[in-house]
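Visitor: I'd like to ask you about the structure that follows.
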Amino acid sequence: MFTGKELLAATVGNVVGGALPALFPGAAIDSRRVQRGQLFVAIRGEATDGHRYIGAAVARGAAAILCARPDAAALAQGIAQVLVPDPLVALQETARLRLARQPQTRVIAVAGSNGKTSVKEATAALLERLGPTLRTTGNLNTETGVPVSLLRLLPEHRYAVIEMGAQRVGEVAALCRIAPPATAVVTVVGPEHLEYFGGMAQVIQAEGEIVDALPSDGLAILNQDDPDVRGMASRTQARIITYGRDALSAVRAVDVSGDTLTGLAFTLAYEGERAPVQLRLPGAHAVSTALAAATVALSCGMPLDEVSEALGSLRPAQRRGEVKAGVNGCVVIDDSYNSNRQSALAALATLRGARIPIGARRWFVFGDMLELGDYSPAEHAAVGVALAQGGIEQAVLVGEDTRHTYEAALAAGLRPERIVYFPAALSEPDELTRAKREAAALVGAEARSGDLVLVKGSLGVGMDVVVAALVGAEAMDADY
């Protein structure tokens, strides 16, 4: 929520076409997602120009437009338009100013190659028990998404949990200028967006920018189990709290046991106190997610026993390990939101650690990992080598670069009858759709009661189509 005066103070824009509303409930950059009374921001992107959709935004109830040039149809309807040289810059400055005018709200920023959304969701769920909490929604972790999220800020919000994503060095730093963190959480560092970053050194540099941005009285929450994250301690004068399974972690999980499908149990240890935790999140990596969220909550004053109880109520974020009933009595793990090598290996570990009925099988349905550039063959091959190490009865691969997964798995000794490859290029949508349908048809025909089917792939490949076929549901909107 922000005012028309705040918008003008931030943008110094020229208002034409009508009177500017006194108050906006929020802002939108996608005309399809505009809600009545919001500000629509017309941003020029690489693929499209938001100015083309001003009419659609007005039809959906936009109360005003932030744009670089006026729209005649909106002018005719008396819709106020704030003219600025660069609507994106104006949006970011409006959000920065809105947050700056509410210093009582503590900003907790989350970065990392994997697990950002899960940690953000878990952290916000815990902090809601302490007070009203804003969080970024969906995949709004970008130069547009973060300011749009901040413009939903209400005066009563005590915390704001902001996920920050990056594809290039400098992007997290830019987001931190919009939303300066008081607390920075770093999950893990791994091979993400290497096509744009250029190498792991740049990934480490970029993810650590969130730590660089902390004030001296801030707090860095770092994953002790990841040496690259642990090393970021040298980049800040802020207080540091580590979390992990490592014995040197300040917030630690000990005596981890149980089923990776239904959720592991562990003892949460901090400052000489201990409390039992029973997770309802699938995967061994869920322990790290829980520890990160627990560390934030503890730093905000939540008692350890309340933290442990709250962790048990957490559920997976959408398409990030959701467990669903599938065809023929199988169980589907929907991990189709995104993928890189680290998260793919974590998915395989989840499958191997899950308890299934005698005679049931574990399926790994895997689509291409995108934005890896020249690193793609090696990254996909690493998943193939892991597949061959046992514990997975059937693998089904979809895409173009998963050819390297297929070849590496066979070379590492996986029997040919245990892996099926449906080749399809991302540049050929019809071919890719056909391959996904054929993969889903194969699994749907052969999966039986008790089988466990994990579906994973990068967002752009759209493996949610396979999930939808296996659970009898509609595929989700790809830009969620």
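Throughout, read-outs are computed from the coordinates displayed, never taken from laboratory work. Predicted model, so just to flag it, every value in this text is computed and none were measured. Because the Cβ atoms are built from the backbone with ideal geometry, glycine has one as well, and the counts that use them run over all protein chains shown.
Visitor: Quick check: the distance between the Cα centres of segment 1-60 and segment 193-260, to the nearest angstrom?
Guide: One Cα centre to the other: 37 Å.
Visitor: At 0.36 nm per residue, minus the direct Cα-Cα distance, what do Arg101 and Asp374 gain on full extension? Give it in nm, one decimal, please. Each step should come with its number before you reach the end.
Guide: Details: separation 273, 0.36 × 273 = 98.28 nm, distance 4.50 nm.
This chain segment gains 93.8 nm when fully extended.
Visitor: About the Cα centre of the chain, how large is the charge dipole given +1 on each Lys and Arg Cβ and -1 on each Asp and Glu Cβ? Please answer in debye to the nearest 20.
Guide: It comes to approximately 1020 debye.
Visitor: With the Cα gyration tensor of segment 81-188 giving a ≥ b ≥ c as the square roots of its eigenvalues, does the rule (a/c under 1.5 for rounded; else a/b larger than b/c for prolate; else oblate) give rounded, prolate or oblate?
Guide: On the way: a/c = 1.98, a/b = 1.20, b/c = 1.64.
The shape class here is oblate.
Visitor: Continuing with the same structure: For Asp212 and Ala9, what does the FRET efficiency come to when R0 = 35 Å and r is the distance between their Cβ atoms, rounded to the nearest 0.05?
Guide: So, using R0 = 35 Å, E works out to roughly 0.80.
Visitor: Only Lys, Arg, Asp and Glu count, each charged at its Cβ (+1, +1, -1, -1), so figure out the dipole size of segment 2-85 about its Cα centre, rounded to 20 debye.
Guide: 160
Visitor: Then there is this: Dipole of segment 102-311 (Lys/Arg Cβ +1, Asp/Glu Cβ -1, origin at the Cα centre): which of Val307, Thr260, Gln104 lies farthest to the positive side?
Guide: Positive-end residue among those listed: Gln104.
Visitor: Once percent of Cα pairs over 35 Å apart is worked out from the coordinates, which option in (1) 30; (2) 61; (3) 36 does it equal?
Guide: (3)
Visitor: Considering only lysines 8 or more places apart in sequence, or on different chains, count the pairs in the chain whose C-alpha atoms sit under 19 Å apart.
Guide: So the count of such lysine pairs works out to 4.
Visitor: Return Leu348, Leu66 ranked ascending by Cβ neighbour count within 10 Å, so the fewest neighbours appear first.
Guide: Fewest-to-most ranking of Leu348, Leu66: Leu348, Leu66.
Visitor: Suppose a student asked you for the relative contact order of the chain, using Cα pairs under 8 Å spaced at least 6 residues apart; what percent would you report?
Guide: Rounded, it is 10 percent for the chain.
Visitor: Magnitude of the Cβ-charge dipole of segment 322-471, K/R +1 and D/E -1, about the Cα centre, nearest 20 debye?
Guide: Roughly 720 debye, rounded to the nearest 20.
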